[in-house]
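Report on one structure; see the data block that follows.
The values are calculated or read from the model by the stated rules, or taken from the named source; none is laboratory data. The structure presented is a predicted model; accordingly, all values stated were derived computationally and were not measured. Note that each Cβ is placed from the backbone with ideal geometry, even for glycine, and that neighbours are counted across all protein chains shown.
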Amino acid sequence: MSPPTSSKLLSALEHPSGLTLKNRVVLAPLTRGRSGASRVPNDLNLAYYKARASAGLLITEGASFSQEAHGWAGSAAIETQEQVEGWKRIVDAVHAEGSLISVQLWHTGRAAHSSYKADNSLPVAPSAIAIQAEAHLADGSKVPYEVPRPLETSELPRVVADYKAAAERAKEAGFDFIEIHSANGYLLDTFLQSVSNERIDSYGGSKENRFRLIGEVLDAVTQVYPANRVGIRLSPNGVFNSMGGADNADDFTYYITRLNEYGLGWLHILDGLAFGFHEKGRPFMLLEARAVYKHPILANCGYTQETAEAAIASGNADAVAFGRPFLNNPDLVERFRSGTKLNESLPMSLWYSPGAKGYTEVPVTEEEAAE
């Protein structure tokens, strides 16, 4: 492939926050499980992010921020002061490369397991509806997901306060932005979708009620960060974690219309169908988001360099996030710029495995992964 002669994707983006992305390539949040039992960002994590800091913006792996929010073995967190200090080192390293960085605040909700909780309590959700799949435990075993405990209405202000406290810790760590994870069947997404929310209080039933918790979270975190330094991630088409409903396209049009009122830093939308579509209704398309959302849009899910260029040229996206291509190509931006062929996809067996192989030691072939 020849390098682009005039690339929108590789051009700078003057962001409404007053910050400048040196290009419109974004590292998508990718959970890699390399932070160990302490969940403290470490030297390996630092090397991983620094190697990918040619992207204009890096969005970290989902960072859980409370005992209730944890739900993945070895994922980094932003709950304790030691974890904040670990993130500071990464933020400083990324800034030294001339890039911007956002932490993604992640409450795993029902996609967790009681074994990840200090008190062995059940994972929480809007309703007592289990994911129809198997949970991966810290010891490597798999078990059916547990039926989650529905959060009481009286508990939701505390959940909102947890998000606000996490935003305050992110600010202390020096992050340029925060992103609220409301996709892929984690806590906030399960409140949005009728397939996982059967509540009869003011947080369930109508789409107005199902949006309520996200609205309260945004109201809280924008007391810490300006709204244009806050992003949010949505996945209207995804099937992961037993999500997706026939009413999603219409519901997410409403949600995005509501989000438009906040003047957020970006709407990060997984509009592509490359990694599974629920097929219960029509897909929600990127141009539908642009029709109702007037602030920056970050497109994601299965994009190539060519389709990313087209999305930006059309005006439907302002930047594009790449996930899997970055796994085995830390120099993805340089490869886009030079027209160099990408390394083959990283074997899935190394996505979440411990250690440097497939994380900071790349590229890795299928044969190498099997050794």
(request) Go through segment 55-76 residue by residue and tally those that are within 18 Å of V124 (Cα to Cα) and surrounded by 22 or more Cβ atoms within 10 Å (Cβ to Cβ). (result) 9
(request) Identify, by number, the condition in (1) in contact with a strand residue (DSSP E or B) (Cβ under 9 Å, 6 or more places away or on another chain); (2) under 14 Å from L151 (Cβ atoms) that R210 doesn't meet. (result) (1)
(request) Could you pull out every one of the strands (runs of 3 or more DSSP E) wholly within segment 102-192 that has 1 or more residues that are surrounded by fewer than 22 Cβ atoms within 10 Å (Cβ to Cβ) and either touching a strand residue (DSSP E or B) at 6+ places or on another chain (Cβ under 8 Å) or of a type in the set (D, E) (or both)? (result) 134-136, 142-144
(request) Scan (1) closer than 26 Å to L332 by Cα; (2) without any contact (Cβ under 8 Å) to a residue 60 or more places away in the chain for the single condition S38 breaks and write down its number. (result) (1)
(request) Mind listing whichever residues of segment 193-215 are farther than 17 Å from M243 by Cα, of a type outside the set (S, T, Y) and buried (at least 16 other Cβ atoms within 10 Å of the Cβ)? (result) N209, R212, L213, I214, G215
(request) Taking the residues in segment 296-349 that are among the small types (G, A, S) and in contact with a strand residue (DSSP E or B) (Cβ under 6 Å, 6 or more places away or on another chain) as candidates, determine which candidate is nearest to E61 (Cα to Cα). (result) A321
(message) Considering only residues that are under 19 Å from the mean Cα position of the chain (by Cα), more than 19 Å from D271 (Cα to Cα) and of a type in the set (S, T, Y), which ones fall in segment 300-353?
(response) Y352
(message) Being in contact with a helix residue (DSSP H, G or I) (Cβ under 6 Å, 6 or more places away or on another chain) and either in a loop (DSSP other than H, G, I, E, B) or closer than 21 Å to S64 by Cβ (or both) is the filter here; which residues of segment 193-207 pass it?
(response) S196, N197, D201, S202, Y203
(message) Any residue that is under 15 Å from Y359 (Cβ atoms), in a helix (DSSP H, G or I) and modelled with pLDDT of 95 or more - is there at least one of those in segment 69-91?
(response) yes
